[in-house]
Amino acid sequence: MSLDAQLLEILVCPEDKGSLVYIESEGVLLNERLRRTYPVRDDIPVMLIDEASEVSEAEAQRLLAIVAG
């Protein structure tokens, strides 16, 4: 099951208030500006800064490539 499209439209990064990219196959929401991912657990986005993970530039590009198909 994936996240609701309406929910994805309103979700923003809690730190910079910018948009996020959902990578369903990885179970994360990506903030490509800060190179940070937020986990999605049981179809619930965990939008806590303390739960976020920093990712390298290469990992951020890999995740974006998944979305691009």
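The values are calculated or read from the model by the stated rules, or taken from the named source; none is laboratory data. These numbers come from a predicted model, not from an experiment. Cβ placement follows ideal geometry from the backbone for every residue including glycine, while neighbour counts extend to all protein chains displayed. Quick note on the areas: whole protein, heavy atoms, side chains included, nothing else; ligands and nucleic acids left out. Shrake-Rupley method; radii C 1.70, N 1.55, O 1.52, S 1.80 Å.
I'd like the residue in segment 43-58 that is in a helix (DSSP H, G or I) and free of Cβ contacts under 8 Å to residues at least 24 places away in the same chain and, out of all such residues, is surrounded by the fewest Cβ atoms within 10 Å (Cβ to Cβ). Here the residue is D50. I need the full set of residues from segment 13-69 which are closer than 13 Å to L3 by Cβ and basic (K, R), in order please. Matches in segment 13-69: R41 only. The residues of segment 8-42 that are in contact (Cβ under 8 Å) with a residue 24 or more places away in the chain, open to solvent by 60 Å² or more (accessible area, probe 1.4 Å) and either within 23 Å of A68 (Cβ to Cβ) or within 12 Å of the chain's Cα centre (by Cα) (or both), listed by number, are S25, E26, E32, R35.
If the requirement is being in a loop (DSSP other than H, G, I, E, B), under 18 Å from E57 (Cα atoms) and either in contact with a Ser or Thr (Cβ under 7 Å, 6 or more places away or on another chain) or of a type in the set (S, T, N, Q) (or both), which of these qualifies: S19, S2? Walk me through how you get there before you give the answer.
On the way: S2 fails: under 18 Å from E57 (Cα atoms).
It is S19.
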